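What follows is one structure encoded as structure tokens, with my remarks underneath.
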Amino acid sequence: MSMDRSDTLTPVPGPAAGTRITEAYARLLTRDAYFWAWPMANIYNKRLAFAKAPEPGLLGGVLPFSPPNRVAMLTDYVDPAERAVACPNQDVVYGGGILALDESAVVVQVPDFGNRFWVYQVVDLRTDSFADLGAMHGTKPGFYLLVGPDWNGEVPAGITKVFRSGTNTGFFGPRAFQDVISLIDVYPLAEFDGKMKKHDWAKLPKFPQPESGGAETRWVFPETFIDQLPLLLDDARPQPGEKPRYAALRELIAVAQKNPELKAAMIDEATKADKELVAPLFEFRNFGIPLPHNWTTINNGAAFGTDYFTRTAVGKSNILVNKPSETKYFYQDLDEDGQRLNSRNRYTVTFADGQLPPVKGFWSLTMYNQHHFFEPNAIKRYSVGTKNKDLHKAPDGSLTIYVQADEPTDPAERANWLPSPRNEDFSLYVRAYWPEQAVTSGQWTPPAVVMRR
């Protein structure tokens with residue numbers, strides 16, 4: 001006896017429109033949605049903020065700030081006063097700009113960097129990379145085009161390659177040495193003439209920076225999340241397997257628009273999710289892949305896919321990371337005994353002879369205060385690494401970094417001193433730029449952070 005199973009194989013479109021739902025269920029969906037969409041809301045709100053820039057400039061005189069589809073470049077390392085984006089580095093010169101690919105396709109200029117390290121970070125609304133542009137990718141000098149999911153225009157002569165984003169909103173973040181930053185640029189396709197445009201980035205205007213109280217500028221707001229959610233869903237098309245999620249969330253939005261009491265409950269739940277789910281992920285020790293000596297790392301930076309937990313954790317703690325083949329990151333909140341790093345104590349980090357991070361580019365060990373920013377210190381040193389030519393190695397070839405708030409009295413220790421902030425917890429962070437296979441495979445990991453007795 002045969003059975004017709006066609007009915008059981010018909011795809012279910014999602015929740016039936018107009019279905020009454022309970023407050024508990026609305027809270028459940030909101031809690032999950034807030035966690036899932038947090039990185040997208042972060043980037044989207046940056047787009048709204050950057051749209052207020054009258055021209056490329058510097059926010060607070062320290063952070064690249066430009067209208068959508070433009071870029072602004074620093075001309076030196078990030079100033080310690082920067083508070084808009086956590087975990088800045090002082091290894092390369094930063095630039096930054098928001099992509100609005102629904103407004104225009106965008107031309108990216110790549111000058112001849114020679115054999116120096118450089119990488120352009122190009123991510124979509126989800127913070128996933130959609131364009132490989134950098135020394136490690138073998139990118140040639142020239143012009144490249146960034147387009148949105150629905151763009152079907154004509155590619156002009158002189159464009160080397162087209163990169164298509166799955167979302168209309170994104171972020172462009174060049175990282176390079178100072179040599180040729182005057183030729184780094186992005187601009188709408190209508191301005192493309194096949195010639196390299198040049199800027200004196202040192203002449204950028206300066207705009208006021210909002211007060212942050214020492215912590216990172218807020219970019220995600222639980223109180224407006226429900227109203228903003230439809231914009232995020234429209235901007236970021238569903239990934240494979242996400243259509244049921246989108247259908248459920250659109251019905252949730254429809255319910256919120258009709259029922260003020262349920263909407264108030266959803267806003268309350270988003271606020272709770274921000275505090276209970278997202279906020280703890282600011283601490284590096286609460287996510288990532290565990291490594292020896294309490295270090296952690298991630299292996300899917302800028303390629304999170306449906307790893308929603310890691311995407312939001314990275315977005316909260318240190319958003320806009322590169323792909324592991326571009327830069328590998330190692331995070332540390334704890335000493336070798338599992339105790340929280342705190343400036344009441346003094347520590348050492350010793351790289352054995354031949355055990356510095358194996359890289360084709362360079363490496364650094366950076367100090368961050370409790371808010372994941374630089375803390376001003378007397379010698380203006382916020383990281384150590386390849387760029388420091390005066391570090392002292394021991395007779396056995398090892399390199400010991402002295403991590404403490406007070407200045408060492410021994411001259412050799414002072415040469416290798418990484419000042420910690422006073423009277424607070426802090427974090428350490430290793431970056432391996434253009435890492436060798438030993439780093440990306442996990443064969444090399446950082447040494448222990450040892451408290452000095």
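The values are calculated or read from the model by the stated rules, or taken from the named source; none is laboratory data. The model shown is predicted, which means the values in this text are computed figures rather than measured ones. Quick reminder, even Gly has a Cβ in these numbers, built from the backbone with ideal geometry, and neighbours come from all protein chains shown.
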For this session: Name the single residue, out of those in the stretch 199-216 being touching a residue at least 12 places away in the same chain (Cβ under 8 Å) and part of a helix (DSSP H, G or I), that is farthest from the chain's Cα centre (by Cα).
Result: ALA202
Exercise. Could we say that PHE163 is aromatic (Phe, Trp, Tyr), in contact (Cβ under 8 Å) with a residue 12 or more places away in the chain, over 19 Å from GLY57 (Cβ atoms) and surrounded by fewer than 17 Cβ atoms within 10 Å (Cβ to Cβ) here?
Worked result: yes
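To keep it simple, each residue is scored yes or no on (1) in a helix (DSSP H, G or I); (2) out of contact with any Phe, Trp or Tyr (no Cβ under 8 Å at 6 or more places or on another chain); (3) of a type in the set (Lys, Arg).
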| site | (1), (2), (3) |
| --- | --- |
| ARG218 | no, yes, yes |
| ALA265 | yes, yes, no |
| LYS272 | yes, yes, yes |
| LEU281 | yes, no, no |
Exercise. Counting just the residues of the stretch 251-260 that are in contact with a helix residue (DSSP H, G or I) (Cβ under 9 Å, 6 or more places away or on another chain) and without any contact (Cβ under 8 Å) to a residue 24 or more places away in the chain, which one comes out nearest to GLU23 (Cα to Cα)?
Worked result: ASN259
Problem set entry | Boolean, ALA247 is more than 29 Å from ALA131 (Cβ to Cβ), of a type in the set (Gly, Ala, Ser) and not assigned by TED's automatic domain parsing to the domain that holds VAL92 | no
Exercise. Residue check: is PHE163 in a strand (DSSP E or B) and either within 22 Å of the chain's Cα centre (by Cα) or hydroxyl-bearing (Ser, Thr, Tyr) (or both)?
Worked result: yes
For this session: Return the residue satisfying two criteria in turn: it lies in the stretch 391-424 and is charged (D, E, K, R) and within 18 Å of THR348 (Cβ to Cβ), and of such residues it is surrounded by the fewest Cβ atoms within 10 Å (Cβ to Cβ).
Result: ASP396
Exercise. For the subset of the stretch 27-52 comprising residues that are small (Gly, Ala, Ser) and surrounded by 21 or more Cβ atoms within 10 Å (Cβ to Cβ), which member is farthest from ALA273 (Cα to Cα)?
Worked result: ALA41
Problem set entry | Residue satisfying all of: in the stretch 366-390; under 24 Å from LEU341 (Cα atoms) and of a type in the set (D, E, K, R); surrounded by the fewest Cβ atoms within 10 Å (Cβ to Cβ) among these | LYS380
Problem set entry | Residue pairs meeting the criteria (Cβ under 8 Å; at least 6 apart or on separate chains; first crowded, with 16+ Cβ neighbours inside 10 Å, in the stretch 179-191; second of a type in the set (Phe, Trp, Tyr)) | VAL180/PHE113; ILE181/TRP201; SER182/TRP201; VAL186/PHE172
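Just a yes or no: is a residue in the stretch 388-411 among the small types (Gly, Ala, Ser) and either outside any loop (DSSP other than H, G, I, E, B) or modelled with pLDDT under 95 (or both)?
no
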Exercise. Touching a residue at least 60 places away in the same chain (Cβ under 8 Å), assigned by TED's automatic domain parsing to the domain that holds ARG164, in a helix (DSSP H, G or I) and under 15 Å from ARG20 (Cβ atoms) - does that describe any residue in the stretch 228-240?
Worked result: no
Exercise. Going by the conditions given, is ALA157 more than 23 Å from the chain's Cα centre (by Cα) and either outside any loop (DSSP other than H, G, I, E, B) or assigned by TED's automatic domain parsing to the domain that holds GLU424 (or both)?
Worked result: no
For this session: Determine which single condition LEU229 fails, assuming it passes every other condition in (1) more than 26 Å from the chain's Cα centre (by Cα); (2) at negative phi.
Result: (1)
Exercise. Restricting the search to the stretch 341-374, which residues are in a loop (DSSP other than H, G, I, E, B) and either of a type in the set (S, T, N, Q) or at pLDDT below 95 (or both)?
Worked result: SER343, ASN345, GLN355, ASN369, GLN370
Exercise. Has the stretch 269-288 got any residue that is at pLDDT 95 or above, crowded, with 18+ Cβ neighbours inside 10 Å and more than 23 Å from the chain's Cα centre (by Cα)?
Worked result: yes
Problem set entry | Matching residues in the stretch 423-453 - criterion: being under 21 Å from the mean Cα position of the chain (by Cα) and in a strand (DSSP E or B) | SER427, LEU428, TYR429, VAL430, ARG431, ALA432, TYR433, PRO435
Exercise. Buried (at least 20 other Cβ atoms within 10 Å of the Cβ) and farther than 25 Å from PHE282 by Cα: does that describe TRP363?
Worked result: no
Exercise. Within the stretch 124-142, how many residues are surrounded by fewer than 20 Cβ atoms within 10 Å (Cβ to Cβ) and under 16 Å from VAL106 (Cα atoms)?
Worked result: 3
Exercise. Among the residues of the stretch 127-134, is any closer than 12 Å to PRO174 by Cα, in contact with a Gly (Cβ under 7 Å, 6 or more places away or on another chain), in contact (Cβ under 8 Å) with a residue 60 or more places away in the chain and not assigned by TED's automatic domain parsing to the domain that holds LYS360?
Worked result: no
Exercise. Got at least one residue in the stretch 78-89 being of a type in the set (A, V, I, L, M, F, W, C) and on the phi > 0 side of the Ramachandran plot?
Worked result: yes
